[in-house]
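Laboratory data are not the source of any read-out in this text; all were calculated from the coordinates shown. The structure presented is a predicted model; accordingly, all values stated were derived computationally and were not measured. Ideal geometry is used to build each Cβ from the backbone, glycine not excepted, and the neighbour counts take in all protein chains shown.
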Amino acid sequence: DKTHKIAVIAGDGIGTEVVPEGLRALEAAARRFDIRLEFEHFEFGSCDYYLEHGKMLPDDWFETLSGFDAIFYGAVGWPEKVPDHISLWGSLLQFRRHFDQYINLRPCRLMPGIKSPLADREPGDIDFYVVRENTEGEYSSIGGKIFEGTERETVMQETVMTRTGVDRVLKYAFELAQSRPRRKLTSATKSNGISITMPYWDERVKAMAGKYPDVSVDQFHIDILTANFVLHPDWFDVVVASNLFGDILSDLGPACTGTIGVAPSANINPEGKFPSLFEPVHGSAPDIAGKGIANPIGQIWCGAMMLEHLGYQEAGEAMVSAIERVLADDDKSALTPDLKGQGTTQSLGEKIAAAIG
Ligand code: NAD
Ligand code: IPM
Ligand code: MN
């Protein structure tokens, strides 16, 4: 059987606290399902590395990481040390682009035992995926600043949509919808106000919908879509969105399921030409870093998505089911404060690893 090489980058803040719990859970799953994982840890991709080296990544990062089957990432960013656009454009966003991880898959599920901040919502009412375009769109480096320092100072930044880029994320989303019982796809748009790129997005959705007659399709402008996430989360099954809209929806959705601390994300290169990257939706959370109270579930669930990506469906499902059992347990003492418990990152991580075991 193959040994899978996993690059581990903990990054900053709570990244360094939740990653060890993600690894603990992965090791438990690997033991139980007889999977061979080999972890190699890297210091780069963190703000401390930047302070020491003047850059976020070593020059040979692409060659180094290309040799791995997957990347297991915590979180990056510490604005007091390095401005966010420098740390993020110097690391995570480079990985997404150079490894052509054009799908950012972000499940959003209300888990048993967690109370939604939305009144009367129960598990089953919120269970959808955000499929976020991950390599182009509003996240572009095309633009500039002119008349700097004068009253006419002007900044501009372009949104980029390519037919290839839009069609491939739509295709992935339609196929995902097709594989789910409800077969429903919702497109996030803003073609009333953003008059060139968003009508183009809508046009490509329409063209793609023709190829998937068994998938029912609707679309909402992003403003009312955010309202509907709160008012009618049960309407959604697969939500496909541009880079920025997907970013916003994938914090809002998990917040509706109780805490963003549980939300995982998979940055996928579906062709397998490059390694895919697994990181929680949340960031480095400077406000709680160092306290040992960060919720490790997002990171652990990322481990499950990574195993499924590597072909171990059953092991991934076992990890998610262990998370669900621990959350549903009447004894809430091991849960972290964001889940209304009194536990720590470690107590919750250990309980989940034992449940996988
Ligand atoms: P954040 O996600 O780090 O934190 C937002 C809020 O959610 C905070 O109150 C935090 O305490 C809470 N939170 C986040 N994760 C949690 C967890 N696992 N358990 C319990 N509570 C949790 O977002 P932010 O404050 O906007 O960003 C902080 C830094 O992280 C910035 O530098 C930002 O750029 C970066 N960031 C990185 C990523 C990433 O690496 N993928 C994602 C988002 C933000
Ligand atoms: C995310 C994050 C990143 C993004 C930031 C940190 C650049 O918010 O992964 O959701 O906007 O993609
Ligand atoms: Mn985000």
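Inter-label distance, GLU151 to ARG36: 7.2 nm, where each label sits 7 Å from its Cα along the C-beta direction.
Ordering SER46, SER87, SER347, SER195 by the number of other Cβ atoms within 10 Å of each residue's own Cβ, fewest first, gives SER195, SER347, SER87, SER46. As a proxy for reagent exposure, THR226, THR135 were ordered by neighbouring Cβ count within 10 angstrom, fewest first; the result is THR226, THR135. The slack between ASP60 and VAL160, meaning 0.36 nm per residue of separation minus the straight C-alpha distance, is 33.2 nm.
Ranking PHE274, ALA173, GLY292 by Cα position along the charge dipole of the chain, where only Lys, Arg, Asp and Glu carry charges on their C-beta atoms, puts ALA173 farthest toward the positive end.
Each of TYR50, GLY124, ILE14 was placed along the dipole of the chain (beta-carbon charges, centred on the mean Cα), and the one lying farthest toward the positive end is GLY124. Calculated mean residue ellipticity at 222 nm for the chain: -12000 deg cm²/dmol, from DSSP H runs with n ≥ 4 weighted as -39500 (n - 2.57), summed, divided by the residue count and rounded to 500. Among the listed pairs LYS115/LYS340; LYS211/LYS273; LYS5/LYS55; LYS184/LYS211; LYS171/LYS273, a Cα-Cα separation exceeding 20 Å is found for LYS211/LYS273; LYS5/LYS55. Here each label is just a point 7 Å from Cα along the line to Cβ, and for GLN94 and ARG183 those points are 4.5 nm apart.
Its residue count N sets the reference 2.2 N^0.38 Å, and the alpha-carbon radius of gyration of the chain equals 0.98 times that reference.
To check you understand DSSP bridge types, tell me what percent of the beta bridges within the chain (both residues inside) are antiparallel, rounded to 5.
On the way: 19 of 47 bridges.
Bridges in the chain are about 40 percent antiparallel.
Scanning the chain for trypsin sites (Lys or Arg not before Pro) in DSSP loops with at most 15 neighbouring Cβ atoms within 10 Å leaves 212-272 as the longest stretch between them. Overall, the chain carries a charge dipole of about 720 debye about its Cα centre when +1 sits on the Cβ of Lys and Arg and -1 on the Cβ of Asp and Glu, all other atoms neutral. Applied to the range 2-17, the Karplus parametrisation 6.51 cos²θ - 1.76 cosθ + 1.60 on θ = phi - 60° returns per-residue 3J(HN,Hα) values of 6, 8, 9, 8, 10, 7, 10, 10, 6, x, 10, x, 5, x, 6, 9 Hz, with x for Gly and Pro.
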